[in-house]
1. From the list Ala21, Ala16, Ala10, exactly one residue is within 19 Å of the chain's Cα centre (by Cα) and exposed (fewer than 15 other Cβ atoms within 10 Å of the Cβ). Which is it?
2. Of everything in region 34-66, what is touching a residue at least 40 places away in the same chain (Cβ under 8 Å) and either hydroxyl-bearing (Ser, Thr, Tyr) or over 25 Å from Ile220 (Cα atoms) (or both)? Give them in sequence order.
3. Quickly run through region 245-265 and pick out the residues that are under 17 Å from Val70 (Cα atoms) and surrounded by 15 or more Cβ atoms within 10 Å (Cβ to Cβ).
4. Just give me the residues in region 44-79 being of a type in the set (A, V, I, L, M), more than 11 Å from Leu226 (Cβ to Cβ) and either open to solvent by less than 30 Å² (accessible area, probe 1.4 Å) or in contact with a helix residue (DSSP H, G or I) (Cβ under 9 Å, 6 or more places away or on another chain) (or both), in sequence order.
5. Starting from residues that are open to solvent by 50 Å² or more (accessible area, probe 1.4 Å), part of a strand (DSSP E or B) and hydrophobic (A, V, I, L, M, F, W, C), keep the ones in region 177-228 and report whichever is farthest from Glu95 (Cα to Cα).
6. Every residue in region 84-94 that is surrounded by 16 or more Cβ atoms within 10 Å (Cβ to Cβ) and not in a loop (DSSP other than H, G, I, E, B), please.
7. Answer yes if at least one residue in region 43-53 is among the polar types (S, T, N, Q) and in a loop (DSSP other than H, G, I, E, B), and no otherwise.
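The values are calculated or read from the model by the stated rules, or taken from the named source; none is laboratory data. Values in this document were obtained by computation on a predicted structure and should not be read as measured data. Note that each Cβ is placed from the backbone with ideal geometry, even for glycine, and that neighbours are counted across all protein chains shown. For the accessible areas, the whole protein counts, side chains as well, though only heavy atoms, and no ligand, DNA or RNA atoms are used. Shrake-Rupley method; radii C 1.70, N 1.55, O 1.52, S 1.80 Å.
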Amino acid sequence: IITSTRIAGALYMPGAFSLNAQAAVQALARELVDMGVDIRTSTPACSIQVSAGSVAGVTTATGLIATTCVIDAAGAWVGSVAQSAGVHIPLVALEASRFVTEPIAEVPPQMPMLMFSDYHNLYVRAESGGLLIGSEEIVIHPPTLLAGLGYALGLTTQPGPDRGGGLGRSIHADATHTYHLALARAFADVVPVLGACTVREVRTGLPTRTPDMQHLLGGIPGVSGLYLIGADLECGMTRGPGLGRLLAELITTGTAQTDSIKYQPDRWLNHIELSRSE
């Protein structure tokens, strides 16, 4: 699928694998139910109840669940759930899109995922007979790239350094699949099938980021029993199992086998407020 002299070298990981997120979550849910866990779908969690500096329960749409330990793993809503307990954290959820192509005959079903780290982190992988294509999000790219993309998408009249206007304000995050398509087609001299690929499906999600581009993991000083895990940085399926194990160790033993200090939610001492109503 790759035919180019531009490739100077590559790293192959024969033990790597791809994972169907939906199937993985369903499998985990079945195991949890078999262990006696009560999973309540379609039950909104309205707020975390705090009393005398400790978690007292969770108010849901169907009533109060009394508990002294709450794990806030609400993805894009981690911040809003934590805020219900008076905890304010700098977490941003950004709408991001990927696209899946129509079926492509040249794509083998067991094709390894391809990642081009020196080409805007463009990646392609087999998906339902076609390719799923994405890259780094437009909102974190340098101005020079933004200008080139603005020209490619018809938002500016000529390529060149962006002096602070144009694409950075003109394109909405949910249009990033168009940006990915422009990158892919410009890369057709390396991966020829990208030159004529057509969009079959657009998939949109809400990846989350923190100011220092690190995960959130750990307890909250001043609110005993409240733990946060979030800021996936678009690495949720890759790093999620490890982060989950770290949090489990912190909750059950008070320490983790791997140092998680850089993920502590209280690392922004000047940005976190605790405003509890006793």
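1. Details: Ala16 fails: within 19 Å of the chain's Cα centre (by Cα); Ala10 fails: within 19 Å of the chain's Cα centre (by Cα).
Checking each option against the conditions leaves just Ala21.
2. Ser51, Ser54
3. Answer for region 245-265, where residues must be under 17 Å from Val70 (Cα atoms) and surrounded by 15 or more Cβ atoms within 10 Å (Cβ to Cβ): Leu246, Leu247, Glu249, Leu250, Ile251, Gln264, Pro265.
4. Ala45, Ala73, Ala74, Ala76, Val78, listed by residue number.
5. Top of the filtered list is Val199.
6. Selection gives Val87, Ala93.
7. Of region 43-53, the ones among the polar types (S, T, N, Q) are 43, 47, 49, 51.
In the following step, the residues that additionally are in a loop (DSSP other than H, G, I, E, B) were identified as 43.
Looking for residues that are among the polar types (S, T, N, Q) and in a loop (DSSP other than H, G, I, E, B), one finds at least one in region 43-53, hence yes.
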